[in-house]
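Worksheet: one structure, shown below.
The values are calculated or read from the model by the stated rules, or taken from the named source; none is laboratory data. Keep in mind that what you see is a predicted model, and the values were worked out from it rather than measured. Cβ atoms come from the backbone with ideal geometry, glycine included; neighbour counts cover every protein chain shown. Heads up: the accessible areas ignore ligands, DNA and RNA and are worked out on the full protein's heavy atoms, side chains in. Shrake-Rupley method; radii C 1.70, N 1.55, O 1.52, S 1.80 Å.
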Amino acid sequence: MSGKIAQRMHISLASPFIVEMWIIIFLVEFVKGSLLVALLPVYMENHLGLSVTVVGLSFALQYLGDNLFRGPFGWVMERIGYRWTMAGALMLILVAVGIIIYAENPVSLSAACLILGIGTSPLWPCTMTGITELAGSTQSGSSGAAMGAVEMASLAGTGIGPIVVNFMMDHDGQNYRAAFLVLMACAALVTAVSMLLPSRIGSEAPHAVVRGNEPAHAEGRRLSPWASLKRTARQIRGSLTVSRWLFPALFLQAFAIGLMTPVVTLFARNELHVTPIQFNLLLIAGGGITVLTLIPAGKLVDRIGTKTFLNIGFLLGAGSLAFFSQVRQLPLVFIAVALVGISYALILPAWNAFVAKQVPKGERGTVWGLFLTLQGSGMVFGPILSGRLWDSVSHSAPFIASGTVMVLLFGLHLLIVKRTGDKQKRHGAA
């Protein structure tokens, strides 16, 4: 009985690691959201006179840098710890913003966006690995509330950043430099906060955070980098026993979001004919409900488990996206957006907790990096198909496609749960 109670212990949301990562995630997404959503598209096109093609290429390089380096940074984090991995990477955000301020040509701006992506790439591998280690067991259901908290920080930063920057631009007469200096200050602050992170999280006492510089993986550091990489690959192959259906599910989870991201604003303007104020209210209705529901949903995930929340979330998401793509009356649009927000509040903490259960104890940082790289690739390919569907099929097609992907995820989730349950029964019988 005591073992079961210990296994269901919840991570304290007031623990230093969670608070520090909450601040770091909020500030990083604040800077990134401000740049990618509000500042760079206008700055590059209107101020520097660059083409939309260059803007798109720069943004693609940002996503590329973010995704390609998640796995390597997860591997590095296993060797040198959270503090120096995050601090070194986050300094690149400061460098990227500095380059953007003085850049006058496409090459410099594209390089800055690539550096920005590399600087943000260890954020989620380090966060997910730390939460998984704090949970104390990959089979524990205690990480849902913590997952909800960090997702809330991400959504809040992404939403508040563009609002603040747009407010500054409106009141300062398109004064880009003032906005960039605020973002540089945020980048400097987030680098300082990263220095408070622990070097390691104790593996023997899962809820105790080690603040010193105790060496870990000493054997790995005595090996050459190439030998250490080969040993890591062998360990992952030996310990990673997940269902093969998890890999397409990881891709599709982000792919569903990527299908919607580029066309939401266009759909609101061209099909719903909403005013800017009404569009802001729609964003608040969807994003606000998601943010407010994340932590309660995460706590319920810890109590009930991930299965119910993912099943309901995927089906509700599919239905509400199809509903959103067809309605044109504003009250019904608000209802559809609210339902989409609720579905994502159910999915996000449950999905991250579900994936955390699949991560083996060995090489958690590297495996989380690989998982998140695969998941993030959906955000790269989703917008490409979304644009084709918008131009070639209909303006509703990207949302219907996203809902269809949600139905596929529902089926894949059931299949993964069944296969995992069958494996556990066989191991129990053995």
Of the residues in the range 26-72 that are closer than 23 Å to ALA156 by Cβ and of a type in the set (Asp, Glu), the one that is modelled with the lowest pLDDT is ASP66
Checked the range 15-25 for anything under 19 Å from THR158 (Cβ atoms) and either outside any helix (DSSP H, G or I) or open to solvent by 30 Å² or more (accessible area, probe 1.4 Å) (or both); matches are TRP22, ILE23
The one condition GLN329 fails out of (1) open to solvent by 10 Å² or more (accessible area, probe 1.4 Å); (2) under 21 Å from the mean Cα position of the chain (by Cα) is (2)
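Looking at the range 41-54, which of its residues are open to solvent by 20 Å² or more (accessible area, probe 1.4 Å) and of a type in the set (A, V, I, L, M)?
Here is the first cut: in the range 41-54, the residues open to solvent by 20 Å² or more (accessible area, probe 1.4 Å) are 41-42, 45-54.
Those that are open to solvent by 20 Å² or more (accessible area, probe 1.4 Å) and of a type in the set (A, V, I, L, M): VAL42, LEU48, LEU50, VAL52, VAL54.
Can you tell me which of VAL301, VAL337 is modelled with pLDDT under 90, β-branched (Val, Ile, Thr) and surrounded by 16 or more Cβ atoms within 10 Å (Cβ to Cβ)?
Details: VAL337 fails: modelled with pLDDT under 90.
None of the other options fit; the residue is VAL301.
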- Query: For GLN358, are the conditions met, namely being open to solvent by 10 Å² or more (accessible area, probe 1.4 Å), in a helix (DSSP H, G or I), in contact with a Leu (Cβ under 9 Å, 6 or more places away or on another chain) and polar (S, T, N, Q)?
  - Reply: no
Counting only residues that are without any contact (Cβ under 8 Å) to a residue 60 or more places away in the chain, part of a helix (DSSP H, G or I) and among the hydroxyl-bearing types (Ser, Thr, Tyr), the range 103-123 contains a total of 2
Note on the range 269-284: residues farther than 21 Å from GLY403 by Cα and open to solvent by less than 30 Å² (accessible area, probe 1.4 Å) are VAL274
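Can you tell me which residue among ALA38, ALA60 is among the small types (Gly, Ala, Ser), surrounded by fewer than 23 Cβ atoms within 10 Å (Cβ to Cβ), farther than 24 Å from VAL182 by Cβ and out of contact with any Leu (no Cβ under 8 Å at 6 or more places or on another chain)?
On the way: ALA38 fails: farther than 24 Å from VAL182 by Cβ.
It is ALA60.
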Scanning the range 96-114 for residues that are under 27 Å from the mean Cα position of the chain (by Cα), of a type in the set (Val, Ile, Thr) and surrounded by fewer than 18 Cβ atoms within 10 Å (Cβ to Cβ) gives ILE99, ILE101
Listed by first then second residue, the pairs whose first member lies in the range 285-314 and is more than 21 Å from GLY403 (Cα to Cα), whose partner is among the aromatic types (Phe, Trp, Tyr), with beta carbons under 6 Å and at least 6 positions apart or on separate chains, are VAL301/PHE309
Exactly one of SER343, SER325, SER320, SER386 is hydroxyl-bearing (Ser, Thr, Tyr) and modelled with pLDDT under 85, and that one is SER386
Filtering the range 406-430 down to residues that are of a type in the set (A, V, I, L, M, F, W, C) and either at pLDDT below 80 or open to solvent by 10 Å² or more (accessible area, probe 1.4 Å) (or both) yields VAL407, LEU408, PHE410, LEU412, LEU414, LEU415, VAL417, ALA429, ALA430
Exactly one of LEU252, LEU300, LEU283, LEU292 is under 23 Å from PHE381 (Cα atoms), in a helix (DSSP H, G or I) and not acidic (Asp, Glu), and that one is LEU252
Condition set under 24 Å from ALA318 (Cβ atoms), at pLDDT below 75 and among the hydroxyl-bearing types (Ser, Thr, Tyr), scope the range 233-280, selection nearest to the chain's Cα centre (by Cα): answer is THR261
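Do we find that ILE347 is more than 30 Å from ILE80 (Cβ to Cβ), assigned to a helix (DSSP H, G or I), open to solvent by less than 40 Å² (accessible area, probe 1.4 Å) and out of contact with any strand residue (DSSP E or B) (no Cβ under 8 Å at 6 or more places or on another chain) in this structure? Write out each step before concluding.
Values: more than 30 Å from ILE80 (Cβ to Cβ): yes; assigned to a helix (DSSP H, G or I): yes; open to solvent by less than 40 Å² (accessible area, probe 1.4 Å): yes; out of contact with any strand residue (DSSP E or B) (no Cβ under 8 Å at 6 or more places or on another chain): yes.
So ILE347 fits the description; yes.
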Over the range 243-262, the set of residues in contact with a Ser or Thr (Cβ under 7 Å, 6 or more places away or on another chain), over 14 Å from PHE410 (Cα atoms) and aliphatic (A, V, I, L, M) is LEU259, MET260
**Prompt:** Can you spot a residue in the range 305-314 that is among the charged types (D, E, K, R), surrounded by 18 or more Cβ atoms within 10 Å (Cβ to Cβ) and under 27 Å from THR129 (Cα atoms)?
**Reply:** no
